[in-house]
Amino acid sequence: MFYRKLDNNMIVCDLCPKHCLIKEGEFGFCGVRKNIDGKLYTLNYGKPAAISLDPIEKKPMYHFLPGEKALSIGTVGCNLACLNCQNFELSRTRADEVELPFVSPEEIVQKALDMNVKIIAYTYNEPTVFFEYALDIMKLAHKNDLKNVIVSNGYISPEALSEWTPYLDGANIDLKFFTDEKYFKVTSGHLNPILETLKSLKRAGVWFEITNLLIPNYNDDKAEISAMVDWIKNTLGGDIVLHFSRFFPMYKMQNVEPTPLDKIVEAYNIAKEKLNFVYAGNIPHTDMDNTYCPKCGKLLIERVGFDVVKNNIVDGKCRFCGAEIPGVFADSTK
């Protein structure tokens, strides 16, 4: 899907904002879409490199069926090249460099049903680069009353995203930096397409949460954090869930120190002045993991790590004052 034919068997892939110009016999930037005789093929369809059962909180999704498990799948390849990638073994592997058994969309959905889970999560590597596989699974999942969640860098064309949104129930989108220069330097991508993805999800009514990985001396400046939070509040609304995540040395950024805890607290406090629901991850258990009612201030969801130990949201409302809590919630009397 999403490509144009040019002269001399050349192809332009329009799946994501990179719009790769691909010569015959070559791959796009993602390493999984290949020009074969002037046609674009996806070589990771039905080839999951990882299938696992995860808490939905691990994605992280804190306002989406708290306490539930998600059957999580990923393939290989990515349309960005983040210097700090934590799954680089998958994201930087080309589709022809690994032999993986075929697993049909029907088998994935049946596995979720057999395991009695309510959610299928498309994660580990960028779901955009296994777009067609994810789409086919999503359609079958909805027919079987299962929820679909993507964990994504948001670097997807508006046309492709609109094909997904009718079957998409939730998303966690990485908003990695808030300047285009830093985006390109660290990820090879650009900021504006991610902002457009967030606005599109909002218009489509898809529940989404945002993750910002705080990297020391890259994006932990108070002014940049404030600008990002202001944009979220003014463009998307004050009920958007924002997760700050602690950086640890990884891949090509081994020389960068882990994020100091006081920087996490600083970012959290900046965001809490404007947004109702802010969380901090990759740190020892703190109160910044918990959900409080923005109206009465009572503790709604208490979390220890990825475990929900208390849930006072009933029918999407605060048990104590009846305030509507934004998100996707099941009945709970925990």
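The numbers here are math on the coordinates, done by the rules we state, and not lab data. These numbers come from a predicted model, not from an experiment. Glycine gets a Cβ as well: all are built from the backbone with ideal geometry, and neighbour counts include every protein chain shown.
Within the chain, DSSP assigns beta bridges of which about 45% are antiparallel (rounded to the nearest 5).
Across segment 290-334, Cα pairs under 8 Å and at least six residues apart give a relative contact order of 30 percent. Note on Asp114 and Asp287: the extension gain reaches 58.7 nm, defined as 0.36 nm multiplied by sequence separation minus the Cα-Cα distance. Scoring 216-229, 61-74 by mean Cβ neighbours within 10 Å over their residues and listing the highest first yields 61-74, 216-229. Helix 191-204 and the long axis of the chain differ in direction by around 70°, with both axes built from C-alpha atoms. Could you please report the charge total around Asp289, scoring K, R as +1 and D, E as -1 over all other residues with beta-carbon less than 12 angstrom from its beta-carbon? Surrounding charge for Asp289 is -2.
To the nearest ten degrees, helix 261-272 and the longest principal axis of the Cα atoms of the chain are 80 degrees apart. Packing here is the average count of other Cβ atoms within 10 Å per residue, and on that basis the peptides 244-257, 116-129, highest first, run 116-129, 244-257.
Only helices enter this figure: runs of n ≥ 4 DSSP H residues, each worth -39500 (n - 2.57), summed and divided by the residues of the chain, yield -7000 deg cm²/dmol at 222 nm to the nearest 500.
In whole angstrom, how far apart do the alpha carbon centroids of segment 289-334 and segment 137-192 sit? Between the Cα centres of segment 289-334 and segment 137-192 lies a distance of 26 Å.
Taking the 0 to 90 degree range and rounding to the nearest ten, how far is the long axis of helix 105-114 tilted relative to the main principal axis of the chain, both from C-alpha atoms? It is inclined by approximately 30 degrees.
The ranking of Tyr167, Tyr155 from fewest to most other beta carbons within 10 Å of each one's beta carbon is Tyr167, Tyr155. Over all other residues within a Cβ to Cβ distance under 13 Å of Val149, the charged ones net out to 0, with Lys and Arg as +1 and Asp and Glu as -1.
Hey, with R₀ at 41 Å, roughly what FRET efficiency would Asn234 and Arg4 work out to, going by the Cβ-Cβ distance, to 0.05? Once rounded, the FRET efficiency stands at 0.70.
Ignoring lysines fewer than eight residues from Lys274 along the same chain, the ones with Cα atoms less than 16 angstrom from its Cα are Lys222, Lys233, Lys295.
With a ≥ b ≥ c the root eigenvalues of the C-alpha gyration tensor of segment 3-42, is it rounded (a/c under 1.5), prolate (a/b larger than b/c) or oblate?
oblate
Net charge near Ala121, counting Lys/Arg +1 and Asp/Glu -1 over other residues with Cβ under 10 Å of its Cβ? Local net charge: +3.
With 31 Å as the limit, the listed pairs Lys59/Lys202; Lys58/Lys202; Lys118/Lys182; Lys111/Lys185; Lys39/Lys118; Lys199/Lys317 have Lys118/Lys182; Lys111/Lys185; Lys39/Lys118 beyond it between alpha carbons.
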